[in-house]
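All remarks here apply to the structure that follows.
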Amino acid sequence: MDTAALTAHPGQITPTMKKMFWLLLAATAALGLVAKPSAAAPWDNYESNSDGRLVDVRVLVGGRVAPLYTAPGHYDRSYFQAFQGRNYSLLLHNNSDRRVGVLIAVDGLNVISGERSDLSRNEAMYVLGPYEETTINGWRTSLDEVRRFVFVDEEHSYAERTNQANGDMGWIRVLAFQEQRSPWNSIRKYREDGGAPYRGPGLDQAPRTKSSPQLQGAPAPEAQMYGNRDEESNPGTGWGDRQRDQVSRTSFRPESSPVDRITLRYEYARGLADLGIRVRQFRDRTWERDRGELGFARSPQRW
């Protein structure tokens, strides 16, 4: 598949541009935005990523890296906090000098096909080139789009609304496979910046377009499901907004068994507390104020 690449070309620097550069530099200095080591927060009992031999996985919630926790007696998985109505993504990084196939199941469903996953090498998977990374933003609906992962109550999750609820609700499983030499139907994922293509999801058949999935109940937008949450509810992953996310096919055949099996679990803050996990807040303003740090405005949650 041909794709257009955007290349930045340097232009001539005019006196006006020089003036704007020095003004910007002065403003930056005035704000004190200088990179420097920061002291540790009052609690740093968390990790920022889950490491495997072939791939590392980070979770982005609302575009920010989410802390990953362990629970007493459950060291085979990492936990992170769900926030109702927020989007999340999975950032994958290939640590090896070979292509790697990555199978991802969210709430027990393959994120490409949307079907119940048995975590086998015959399923649809993403393929990363040597030392490459890519962001998995949602349920794949075509070669061009995904529907964003969004935290909703379990009863409004994509799995529940497609009659596929199962024992893996709230679980994210990432399996990394090394490549065999034989051909295998796959997909390449293109860089969002228009550069050379990433390796992307591989399929043993053409992906089904799910722009109009068969969901139970009224097909209301996910945004209408965030209010009036039952405090005793648990989170699931919903069918969020459309996002352009272009992929194309490539050749990849996974080995019979995965090298990495990375397991993530998400719960609301109450659920994490019940599991004995002390949650680190995304932003501890009291700690910032006590250190005299400059704070910046955030997007309002309500209007």
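Ser117 satisfies every condition listed in (1) closer than 26 Å to Glu255 by Cβ; (2) under 17 Å from the mean Cα position of the chain (by Cα); (3) among the hydroxyl-bearing types (Ser, Thr, Tyr) except (2).
Within segment 101-117, the set of residues being in contact with an Asp or Glu (Cβ under 7 Å, 6 or more places away or on another chain) and of a type in the set (Asp, Glu) comprises Asp107 only.
When segment 61-86 is filtered for residues that are closer than 22 Å to Met125 by Cβ and among the polar types (S, T, N, Q), only Ser78 remains. Here is the figure for segment 105-141: residues that are in a strand (DSSP E or B), in contact (Cβ under 8 Å) with a residue 40 or more places away in the chain and either touching a Ser or Thr at 6+ places or on another chain (Cβ under 8 Å) or of a type outside the set (Phe, Trp, Tyr) (or both) total 14. Residues that are under 15 Å from the mean Cα position of the chain (by Cα) and farther than 26 Å from Ala269 by Cα do occur in segment 50-66. Within segment 64-86, none of the residues are surrounded by 20 or more Cβ atoms within 10 Å (Cβ to Cβ), in contact with a Gly (Cβ under 8 Å, 6 or more places away or on another chain), among the polar types (S, T, N, Q) and at pLDDT 55 or above. Per the listing Val102, Val152, the residue uniquely farther than 25 Å from Gly276 by Cα, part of a strand (DSSP E or B) and in contact (Cβ under 8 Å) with a residue 40 or more places away in the chain is Val102.
The values are calculated or read from the model by the stated rules, or taken from the named source; none is laboratory data. Keep in mind the model is a prediction, meaning the values are calculated, not measured. Neighbour counts are summed over all protein chains in view; Cβ atoms, including those assigned to glycine, are modelled from backbone coordinates with ideal geometry.
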